[in-house]
């Protein structure tokens, strides 16, 4: 059994991690913390766990964490985990950090996007970007995982095969992302007040979204070196708040050079090459019915990311669609998948829930 | 392994049964039928099962069913299963019928509410009402289970302890029920058109709802004979369509005789007496937080029914709240729970999914 | 022109009042106040008014109000208006108070339901309950109107004709009310956080709801004295938060004595007698189509209250349905209708907007 | 008074036209037709009009239309109006066609996008594209107006000033559009079934959307001839169905040449130049609060189109946001605005409703 703790377990990402781990046959979840809810039962805050869990929130204590846990999940807000990850690692704990603190491997980029100096940049070289399908081998031996951002995961899953094959213009990538309200976290504010937030399609972050940095970093890493020698990857990322609680759809508009011979068959072949054996990435290719392309409705509650595309010869465009549950495949699910990989377990353990239809 | 089939598996109740059975370790689901979708993969209609199931819909064939299955679930529309249940039973199959055909044990009541003569009323004496917590012992040896209606389940779970204890006026019970759109089935019509149905609180069946009959039948069966010697149970059942896909909330307004000494402690004691050891019935008793009383939001996707109450001495009223997922605890989940009981398995098998929060 | 002010115009009820008054041809709206938003344009808080209104929030100043206004609407939270209504009235202002402060005419009842001593109970005898259809004549000459509560309006419209005719049991009236999130006001809290509040049917106030008091007071006033000599009116009022922003549906379950000869025709005759000539009360009596009974979806954005019923001889029950927009017919619309009556204007002025379908 | 008829008034666009016209002081609406509902009251299908309108649907009869009407609105499905517009025009009627039949001015383009030969292409030269702000002068004298498509209106309003100024790359315009379910019309089908459609973000038409043709045609017409001599306008238009009934948000991603000196001030100056005096186009420029950019929530129920933008120097991108109500500014509202212009009336007549907040 792997002894596991979740720090800051009262937020949405932390709580989903708890829910998944409670159902994990090789995990002993024995330590969950929350500053606000010390001493309270987890199920009083997450009532879906009533009669299921008797876990209580504790105060964070590094010594206790080190004693009780082999692996610790961090679900702290951005900027916090860099403060105590060094100490936790010194005690020999493996860390799966769901915040953004260790996603970027460049302290200048970090400062550009997060507007402060990083407190533990020397750990960047140890941190592995926690997108299991792209970094499986590094994850296996990692001591510090930085779980990918939810929008970023969705975008990278959509783009990675095309960029690896060197097929597309990498300086003019548009990612138009739509997300539910759970992405803004468990703390209420005036923009999440139900009468305000309901029935919206609110363009909330059209430019300078922080996930831009991690998307560009990862895509640059995997871009086809032969095709793109001198080019930098540039994505125009824009995020909208839609009338849902869970789910992200990224609509990715890509241009290709008209001299390229691109057709549907070729695109399918490429995506299949990369994703066919991936347990949680599904290529959607249905000619009939209502759900011919990815829709977050279908993956809600699951660790699946659905990917599809359409070719638009009218303007040498490919539209790639990528749908996932922001709290699962976008955060907690990928975190648990990383845990499985790190521990040599079946990667699918505790993650096979198929979701509901209709919902 | 139990060999199982699902007839009419393309409707919402049938499909949920398929989803649950696919995850059941002691079940071999090897036969699903649908008239409309013969030859199609299940996952083309229920896209949440993509990459998970390779099942195909077949044409219903009694011989084949008899050969392949030990137990058959029927998810046919009301009025259909009575046509072939007799034949299926003659072939030795055990039946778990999710339609209303064998819920009532009185052919006159059947005709009154369903407006036609029943085609196999001689089987009424064999049929067991499929509400696991109330009929556990009969279910164990039953060959024909009539799974309880979704509204009826919700109402009966709320009322059963109070009526068993003889505490309340049983001639003036008001059940004000609110349900999502999935209850109207998988076939579209003008009232389920999204622009019409969305954002509604539509009072759709204020009187004469068919579930009235089964609620009254069951409550009469369990009423305290000492207290209610000559009384008939009468419920005023009214159903509303609310702005949700899944979930039922029944608000049950009950009157008690003012001479009765009733207080909160006594009511809790009673509910605990009946439900404390029930794995899927939860008594909600939270003094703080947002979810102090049952809300279908919390049980969506699960086999739980949450039950709570408030006492209103102002007019000698008890308000009982009962929340469940109409497609799971209201249909497919209870059906699988019956299967587990019939086969001597742990009743909770394949039914322990805790649901999501938020969703 | 009537010079009008709205105090506390930044809340939802106040803002709807502003919107309606801006479109009123006989009104000069020249004074709106808000503590939080002094100096800000109204349209920065209510962006639907962009390019339409140049009004700015001011600090409340009694002298200025007295100077600028003939009539003042108060949209303050409960418990506040009693502090300055006396002063405003001394300056000769007419008051239309949308809070609960002057709805009850009995200080003991006030204390029972609002848990404090009333600060200006001597004004109760001057206050007129602002439900235009029931108090038209008193409103005409009133100096202080206490606009009816939103749930209360809906309930009273449904019950008033039957009680006036002496037809029903007035000690066992059940009002099961469903409301959108706008009823909880413009200030966010943890229960209105979108991920928490969305997709709920939350039973939020099953007993002791404050509107109980005003409903009972009004119904007692209008009850048929011949039929109910010694009886007190008792309503069991329960309120649910449903998955909507606007709208209330009250489902009212009433019992009648089985010796009464009651049929549909008789009930229609009664409702027509009371409501036929009311411009904003509509009796819904449609045998076909989707919307056969009232649904808040249909009256959203309007000053209409739709009323319908079904007879349930099974248990001598009548189910009355009453639907309105909580912020309009439930508050701001009735307030403006009162203004019209007080000033001898066409009662419908500024209130005839028909709403949208679909929405 | 202008005598007006609405043909095919039972669909959503036709019905909104009826609602608007009923409130138009210079219009006498005396003829509405529907094949399916001949003889029925309009309010039995559109229950928001109960107690407000006594109009009945009639069978379409060209003679009667010609006799009763000066102007006829057509709300027929695409492909139908071309059959009888010629006859109606011969009788001297002015036509405001809300279908797509006369929007394109090129029969090859029509065939390419609508997959059939046009039946009355000789009328193309008479038809005026019914986007009031761009074609005010032609509309004044037109006999045949082809009201712009809803997505197209939204996109063109967003792009027109930038293209007129010659500021942007016109071969790489991405329009990512999000729309509610009312856009799919009043007839139910399996994709609009509430349990299927609710809670979706469904990419329903990623490429080859018919509005592409009209957007490109109009933008080419207004593009700055000095800047774009040889260029063709190419837009990559993609439409998503989101979890709403009404509203469109178009997120338009545009690239500009890095040598251009573009900043926020310049962009504001340009939009103001074109839209400052437009009564129904609002430039959204708010630095605080929740609604800093256009959101369809704010314009629902109104004839406003809200427009905003953000500059993204990171990749020489401008993101333009354009929000409108698809049934009003996207169809019926613009149609009525055209009627006003054609008849020399104040353009705003019957169109000034400000919408609701919250809703």
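Checking segment C:291-302 against the condition returns no match, with no residue being closer than 27 Å to residue D:301 by Cα, assigned to a strand (DSSP E or B), in the same structural domain as residue C:174 (by TED's automatic domain parsing) and touching a residue at least 40 places away in the same chain (Cβ under 8 Å).
If you check residue C:99 against the conditions, is it assigned to a loop (DSSP other than H, G, I, E, B), touching a strand residue (DSSP E or B) at 6+ places or on another chain (Cβ under 7 Å) and on the phi < 0 side of the Ramachandran plot? So residue C:99 fits the description; yes.
Which residues, taken from segment B:122-133, are part of a helix (DSSP H, G or I) and buried (at least 19 other Cβ atoms within 10 Å of the Cβ)? Those that are part of a helix (DSSP H, G or I) and buried (at least 19 other Cβ atoms within 10 Å of the Cβ): B:123, B:132, B:133.
When segment C:21-60 is filtered for residues that are closer than 24 Å to residue C:325 by Cβ, at the interface with chain D (Cβ under 10 Å from one of its Cβ atoms) and either in contact (Cβ under 8 Å) with a residue 40 or more places away in the chain or not in a helix (DSSP H, G or I) (or both), the ones remaining, listed by number, are C:23, C:46, C:50, C:52, C:53. For residue C:286, the conditions (1) assigned to a loop (DSSP other than H, G, I, E, B); (2) in contact (Cβ under 8 Å) with a residue 12 or more places away in the chain; (3) within 7 Å of another protein chain (Cβ to nearest Cβ); (4) under 24 Å from residue C:313 (Cβ atoms) all hold with the exception of (2).
State yes or no: is residue A:216 more than 14 Å from chain C (Cβ to nearest Cβ), in a helix (DSSP H, G or I) and within 18 Å of residue A:251 (Cα to Cα)? For residue A:216, the condition - more than 14 Å from chain C (Cβ to nearest Cβ), in a helix (DSSP H, G or I) and within 18 Å of residue A:251 (Cα to Cα) - is met.
Here residue B:311 passes the criteria (1) surrounded by fewer than 21 Cβ atoms within 10 Å (Cβ to Cβ); (2) within 11 Å of chain C (Cβ to nearest Cβ); (3) under 23 Å from the mean Cα position of the chain (by Cα) except the one numbered (3).
Could we say that residue A:94 is farther than 21 Å from residue A:139 by Cα and in contact with a strand residue (DSSP E or B) (Cβ under 9 Å, 6 or more places away or on another chain) here? No; evaluated as a whole, the condition is false for this residue. Among the listed residues C:357, C:280, identify the single one that is modelled with pLDDT of 95 or more and within 14 Å of chain B (Cβ to nearest Cβ). After applying the criteria, what remains is C:357. Please indicate, with yes or no, whether at least one residue in segment B:325-335 is in contact with a helix residue (DSSP H, G or I) (Cβ under 7 Å, 6 or more places away or on another chain) and within 14 Å of chain C (Cβ to nearest Cβ). Looking for residues that are in contact with a helix residue (DSSP H, G or I) (Cβ under 7 Å, 6 or more places away or on another chain) and within 14 Å of chain C (Cβ to nearest Cβ), one finds at least one in segment B:325-335, hence yes. Taken together, C:112, C:64 contain a single residue that is more than 22 Å from the chain's Cα centre (by Cα) and at pLDDT 95 or above, which is C:64. Annotation note: Cβ proximity below 6 Å between a residue of segment B:1-19 that is at negative phi and assigned to a helix (DSSP H, G or I) and a residue that is surrounded by fewer than 24 Cβ atoms within 10 Å (Cβ to Cβ) and modelled with pLDDT of 95 or more (sequence gap 6+ or interchain) occurs for B:12/B:186.
Yes or no: segment B:255-277 includes at least one residue that is within 12 Å of another protein chain (Cβ to nearest Cβ) and in a strand (DSSP E or B). Checking segment B:255-277: at least one residue is within 12 Å of another protein chain (Cβ to nearest Cβ) and in a strand (DSSP E or B). For segment D:145-184, the set of residues classified as out of contact with any helix residue (DSSP H, G or I) (no Cβ under 6 Å at 6 or more places or on another chain), surrounded by fewer than 24 Cβ atoms within 10 Å (Cβ to Cβ) and in a loop (DSSP other than H, G, I, E, B) consists of D:166, D:167, D:169, D:171, D:172, listed by residue number.
The set of residues in segment B:303-343 that are without any contact (Cβ under 8 Å) to a residue 24 or more places away in the chain and farther than 26 Å from residue B:180 by Cα comprises B:312, B:313, B:314, B:340.
The values are calculated or read from the model by the stated rules, or taken from the named source; none is laboratory data. Just so we're clear, the structure is a prediction, and the values are computed from it rather than from any experiment. All Cβ positions, even for glycine, are placed from backbone atoms using ideal geometry, and neighbour counts span all protein chains on display.
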